[in-house]
1. Where in the stretch 12-80 are there helices (runs of 4 or more DSSP H), lying wholly inside it, with at least 3 residues that are modelled with pLDDT under 95?
2. Quick check: is even one residue across the stretch 2-11 open to solvent by less than 70 Å² (accessible area, probe 1.4 Å), farther than 22 Å from L77 by Cβ and out of contact with any His (no Cβ under 7 Å at 6 or more places or on another chain)?
3. When both residues are 6+ apart or on different chains and their Cβ atoms are under 7 Å apart, which pairs have a first residue that lies in the stretch 19-48 and is within 20 Å of L67 (Cα to Cα), and a second that is at pLDDT below 95 and open to solvent by 30 Å² or more (accessible area, probe 1.4 Å)?
4. Given (1) touching a residue at least 40 places away in the same chain (Cβ under 8 Å); (2) on the phi > 0 side of the Ramachandran plot; (3) not hydrophobic (A, V, I, L, M, F, W, C), identify the lone condition not met by D62.
5. Quick one: what pairs do we get from the stretch 65-80, first residue under 22 Å from Q16 (Cβ atoms), second at pLDDT below 80 and assigned to a helix (DSSP H, G or I), C-beta under 8 Å, 6+ apart or different chains?
6. Anything in the stretch 12-49 that is under 20 Å from L59 (Cα atoms), among the hydroxyl-bearing types (S, T, Y) and open to solvent by 70 Å² or more (accessible area, probe 1.4 Å)? List them, or say none.
7. Only one of (1) in contact with a Gly (Cβ under 7 Å, 6 or more places away or on another chain); (2) farther than 24 Å from L77 by Cβ fails for K55. Which number is that?
Amino acid sequence: VDAAWLGKVAAQTGWQALVNTRGTTWRKLSDADKAAVTDEASAIALMLAQPSVIKRPVLERDGHYHLGFAEAQYQALFGA
């Protein structure tokens, strides 16, 4: 994962959606580390340091990024 790619995904999805705040990695961070994530730049810095905090999967289709798994979303993207 590199900063340029994270920036492209965050530009489309929003950095808040890209940071998995429900995962184990996020929960294990100190309160200070969590509080330091206040904008896209700080979120990207965290994701570079802790790649497992990135919401997965990240799918790219036709130039658009999609985050996470939802059956309805996959059916819409790939047909049923």
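The values are calculated or read from the model by the stated rules, or taken from the named source; none is laboratory data. Given the structure is predicted, the values throughout are model-derived calculations rather than measurements. Counting neighbours? That spans all protein chains shown, and the Cβs are built from the backbone with ideal geometry, glycine included. What goes into the accessible areas is simple: the full protein's heavy atoms, side chains included, and nothing from ligands, DNA or RNA. Shrake-Rupley method; radii C 1.70, N 1.55, O 1.52, S 1.80 Å.
1. 71-78
2. Taking every residue of the stretch 2-11 in turn, at least one turns out to be open to solvent by less than 70 Å² (accessible area, probe 1.4 Å), farther than 22 Å from L77 by Cβ and out of contact with any His (no Cβ under 7 Å at 6 or more places or on another chain).
3. Hits for this filter: M47/V1; L48/V1.
4. Condition not satisfied by D62: (1).
5. Every condition considered, the pairs that remain are H66/Q73; H66/L77.
6. Selection gives T21 alone.
7. Unmet condition: (2).
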